[in-house]
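Presented below is the structure to which this report refers.
The values are calculated or read from the model by the stated rules, or taken from the named source; none is laboratory data. Worth saying up front: this structure is predicted, and the values here are computed from it rather than measured. Ideal geometry is used to build each Cβ from the backbone, glycine not excepted, and the neighbour counts take in all protein chains shown.
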Amino acid sequence: MKFFIDTASLEQIREAHSLGVLDGVTTNPSLMAKEGISGDERVLQHYIDICEIVDGDVSAEVIATDLEGMLHEGDKLAALHANIVVKVPMTRDGVKAIRQFTAKGIRTNCTLIFSAGQALLAAKAGATYVSPFIGRLDDISTDGLALIEQIREIYDNYGIGTQVLAASIRHPMHIVQCAELGADVATCPLSAILALFDHPLTTIGLEKFLADHRKAEQTPVKAK
Ligand code: E4P
């Protein structure tokens, strides 16, 4: 399973990249706003900056909601860098835009997926990725992981190549469970990726190894 980081923070992207396990980045308008990135020029430059840090797919979302606007913005985003994937919302015009982007060889990520039917539509239009938001489903007492399982099964039934990009990840177990269910990608907050490193037995075990090593170093070598 590929690991993407779900942020527009260059600092966090650099930190995740430095771990050596990062495969890509997803952003959305809320994440860009959180970093204070606004205005056409700054937004476009920010995507280029991200592409210069990570050699992997970078999802950049359109703001327009009408077909013509999405096509115009998507073309501009895709022209920025070969790794840009145009993120398009799951709407009727969004699906039409995905079909047209696909025909032109522009890769897409269909976002705001909350049902298997939506995932099927996006795949039929040729989406490169679909983004089911599991955390937001969990938030309303619905099983987000069940959606990953359902989409996986449907795509496998028909050999559909659209990649399942599990989004709205809230914690490290979401990542592990998505991997068990066969998601192709999980896009995660940095905190969830970092939490995967931790286990109390690893910490205790390392302390013991180092303490034993120090003891051995301090013990005089016995003469033979
Ligand atoms: C996915 O691409 C979205 O940016 C993201 O995962 C949404 O997560 P949230 O529900 O934490 O906002």
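You will find that of 175, 204, the residue that is within 16 Å of the ligand (Cβ to nearest atom) and at pLDDT 95 or above is 175 and no other. Going residue by residue through the range 118-130, is there one that turns out to be part of a loop (DSSP other than H, G, I, E, B), touching a strand residue (DSSP E or B) at 6+ places or on another chain (Cβ under 8 Å) and at positive phi? For the range 118-130, residues part of a loop (DSSP other than H, G, I, E, B), touching a strand residue (DSSP E or B) at 6+ places or on another chain (Cβ under 8 Å) and at positive phi: present. Can you confirm whether the range 151-158 contains a residue that is at pLDDT 95 or above, within 16 Å of the ligand (Cβ to nearest atom) and assigned to a helix (DSSP H, G or I)? Yes, the range 151-158 contains at least one residue that is at pLDDT 95 or above, within 16 Å of the ligand (Cβ to nearest atom) and assigned to a helix (DSSP H, G or I). Residues that are of a type in the set (S, T, N, Q) and either at pLDDT below 95 or over 20 Å from the mean Cα position of the chain (by Cα) (or both) number at least 2 in the following helices (runs of 4 or more DSSP H) confined to the range 1-116: 92-103.
If you go through the range 159-172 and keep only what is in contact with a helix residue (DSSP H, G or I) (Cβ under 6 Å, 6 or more places away or on another chain) and within 16 Å of the ligand (Cβ to nearest atom), you end up with 162, 164, 166, 168, 169, 170, 171, 172. Taken as a whole, the range 185-204 holds at least one residue that is surrounded by 10 or more Cβ atoms within 10 Å (Cβ to Cβ) and in contact with a Lys or Arg (Cβ under 6 Å, 6 or more places away or on another chain).
In the range 178-201, the qualifying residues are those that are out of contact with any Cys (no Cβ under 9 Å at 6 or more places or on another chain) and within 19 Å of residue 127 (Cα to Cα), and the one that is nearest to the ligand (Cβ to nearest atom) is 187. Scanning the range 59-99 for residues that are surrounded by fewer than 19 Cβ atoms within 10 Å (Cβ to Cβ), among the aliphatic types (A, V, I, L, M), more than 16 Å from the ligand (Cβ to nearest atom) and closer than 21 Å to residue 49 by Cα yields a total of 3.
Can you give me the number of residues within the range 122-155 that are acidic (Asp, Glu) and touching a residue at least 24 places away in the same chain (Cβ under 8 Å)?
To start, the set of residues in the range 122-155 that are acidic (Asp, Glu) comprises 138-139, 143, 149, 153.
Within this subset, residues satisfying the condition of being touching a residue at least 24 places away in the same chain (Cβ under 8 Å) are 138, 149.
The number of residues fulfilling the criteria is 2.
Taking the range 146-184 as the range and being within 20 Å of residue 136 (Cβ to Cβ), over 17 Å from the mean Cα position of the chain (by Cα) and polar (S, T, N, Q) as the test, only 150 passes. Screening residue 102 with (1) of a type in the set (Val, Ile, Thr); (2) surrounded by fewer than 18 Cβ atoms within 10 Å (Cβ to Cβ); (3) touching a helix residue (DSSP H, G or I) at 6+ places or on another chain (Cβ under 9 Å) gives one miss only, at (3). Going through (1) within 16 Å of residue 188 (Cβ to Cβ); (2) charged (D, E, K, R); (3) more than 13 Å from the ligand (Cβ to nearest atom) one by one, residue 6 falls short only on (3).
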